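Encoded as C-alpha cells, the structure appears first; notes follow it.
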Amino acid sequence: MEISGAGFALNKLYEVGRRCNPCLAITHPVCWRPVSWHSDRDVEASWAFWIDTFLRPILLPNFWLVLIHTYRQQSREIIALDAELHLQLNLWQREQSLRAGRKLLQELTPRGERILSRLEQAIKRGDAFGHFYTLFGV
C-alpha cells in the first residue's frame, strides 16, 4: 500500500517529534511538551492568538529564511537568524525551544552535514543558541 504525500509528511513530523521527546506516543500523552505554545485560557482563542502573534509574524518567516540559507549553504546567515529568533522569543519559549533543540541535535549526525556541523560548532562556541526552529530548518 502506497502512502500519500500528506501521510508521508505527517509521518516525518511525528518522527521529528519522537526524536525530540523519546516518550512521545499516543500511550504516553503526559510526556508531550509544547515548544512555543501553551494554553493559559480558552484553547481555541489561545491557538488563534499564537498563530496571529507568533507563528505568522515570527516563526514562519524565520523558518523560511533558514530553509533558504540552508539550501545555499550559508551558515553565518543561519547563525544570525538563530540569534535574531532568540531575541523575539519570550523566556518560556526560549527555554522550550532550546531544550527541544538540544534533544534534536543529539539525534542528528552532523558529521556528514556541513551546515549542521558548523551550527553545532557555533553553539559550542556560544555564537549560536541552537533553537529547535533553526535546527529543524537545517
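The values are calculated or read from the model by the stated rules, or taken from the named source; none is laboratory data. Note that this is a predicted model, so its numbers are computed, not measured. Note: ideal-geometry Cβ built from the backbone for every residue, glycine included; neighbour counts use all protein chains shown.
Of the residues making up segment 88-138, those that are among the acidic types (D, E) and at pLDDT below 85 are E107, E113. A single entry from Q93, Q121 fulfils the requirement of being under 13 Å from H131 (Cβ atoms) and surrounded by 13 or more Cβ atoms within 10 Å (Cβ to Cβ): Q93. Before we move on, is L91 closer than 19 Å to L55 by Cβ and either of a type in the set (K, R) or touching a Gly at 6+ places or on another chain (Cβ under 7 Å) (or both)? The answer is no for L91. Being part of a helix (DSSP H, G or I) and at pLDDT 95 or above is the requirement here; does I78 meet it? Answer is yes for this residue.
Annotation: of all residues in segment 71-83 being in contact with a Leu (Cβ under 9 Å, 6 or more places away or on another chain) and not aliphatic (A, V, I, L, M), the one that is surrounded by the fewest Cβ atoms within 10 Å (Cβ to Cβ) is E77.
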